[in-house]
1. Restrict the search to region 75-125; then list the GluC sites (Glu not before Pro) that DSSP places in a loop and that have at most 10 other Cβ atoms within 10 Å of their Cβ.
2. Run the numbers for V36 and V208: contour at 0.36 nm per residue of separation, minus the present Cα-Cα distance, in nm.
3. To two decimal places, what compactness ratio does region 221-314 give when its Cα radius of gyration is scaled by 2.2 N^0.38 Å?
4. Give the residue list of trypsin sites (Lys or Arg not before Pro) in region 188-283 that are DSSP loop and have at most 13 other beta-carbon atoms within 10 angstrom.
5. Measuring from a point 7 Å past the Cα of D282 along Cα-to-C-beta, which residues in region 1-42 have an amide N at less than 16 Å?
6. Note down the net charge around G121, summing +1 for each Lys or Arg and -1 for each Asp or Glu among other residues with Cβ under 13 Å from its Cβ.
7. Over region 183-243, what is the relative contact order in whole percent, taking alpha-carbon pairs under 8 Å and six or more residues apart?
8. Within a Cβ distance under 10 Å of L47, other residues only, what is the Lys/Arg minus Asp/Glu net charge?
Amino acid sequence: MDNVQDKLAIALPWAGGRLELRNPVLAASGTFGYGVEYMPYGDLARLGAFVTKGISLRPMPGNPLPRVAETPCGLLNSIGLQNCGVERFISECLTCLPDEGVRIIANIYAHNLEEFAELAGILGAEPKLAALEVNISCPNVEAGGVLFGQDPKSAGQVTAAVKKRSGALPVIVKLTPNVTDIAEIARACADSGADMISCVNTLSALAVDVRSRKPLLGKGIGGLSGTAIKPVALRCVWQAARAVSIPVIGIGGINTAEDILEFILVGAWAVQIGTANFSGPDLIFRLPDELAARMDELGIASLESFRGSLQMNI
């Protein structure tokens with residue numbers, strides 16, 4: 001355990017210092033609940049960190065059923081960001097988690113700048129949190145419903161609003177792949193104060209039933225995740241890492257130690273495991289050991305020396 005930790009420990013630089021993690025294996029938002037749900041399957045302290053499901057100012061009921069549908073090599077969901085709201089998250093969820101040894105990153109979302117700022121102000125004062133992750137894949141109701149993450153100006157504005165109120169916590173901005181140029185969005189966030197970037201969120205997608213002539217999801221269009229999106233995610237991480245000087249965290253279709261190394265190869269500092277948590281709730285707790293073993297097999301001396309070493313013929 002100690003040897004693995006020594007080999008995998010990372011420190012992500014940001015304006016306020018360094019976010020030190022036991023390893024680069026993080027649990028992704030929306031797939032790990034509030035952390036408590038996965039405690040029967042492993043020790044949360046073995047992870048680099050886990051990201052909570054999205055938290056809003058007030059409780060959200062979520063979208064109509066059905067909310068989840070399997071697709072070839074992937075999962076389609078339209079949960080609707082159901083959550084208990086920030087007050088219950090602090091009073092009920094955070095209190096159930098260990099006080100030491102577990103890195104907790106709170107994922108937040110809102111539909112206007114004022115709510116984002118208010119959330120950041122509330123959670124920025126929580127001593128149990130290690131960072132905030134900002135979901136900008138939600139609609140800006142004051143701009144006609146366009147997603148914050150699809151417009152560089154809006155992405156920069158929400159980043160600045162959160163950063164201003166986040167206190168001593170680093171701010172990670174989670175990017176959507178549903179854009180023409182993800183590098184442009186990444187730069188807008190970095191220029192507005194983001195300390196780190198995580199990418200990608202789910203791809204907008206649709207699945208239908210020819211017998212009923214209806215969508216498989218209650219709301220129709222949903223978000224595609226899982227193995228099917230890994231090539232898209234790798235491309236987005238590579239482009240974002242080349243566009244900004246702040247750390248990038250890779251997300252999308254990661255199931256194995258080899259997958260993790262692929263993301264680090266294209267420039268990621270760390271990764272988040274998402275859909276794989278559903279099919280194997282203990283998988284994420286095994287991945288750090290498997291990652292260290294795979295590094296030994298491939299002769300990779302350190303993650304730092306391997307990071308961003310892709311030899312692209314362009």
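1. E100
2. Result for the pair: 58.5 nm of gain on full extension.
3. 1.08
4. Answer in residue order: R211, R213.
5. Under cut-off, by backbone N: 38-42.
6. In short, -1.
7. 42 percent
8. +2
Read-outs throughout are calculated quantities, based only on the coordinates presented, and are distinct from any laboratory measurement. Remember, predicted model here, so these are calculated numbers, not experimental data. Here the Cβ is made from the backbone with ideal geometry for all residues, glycine too, and neighbour counts use every protein chain on show.
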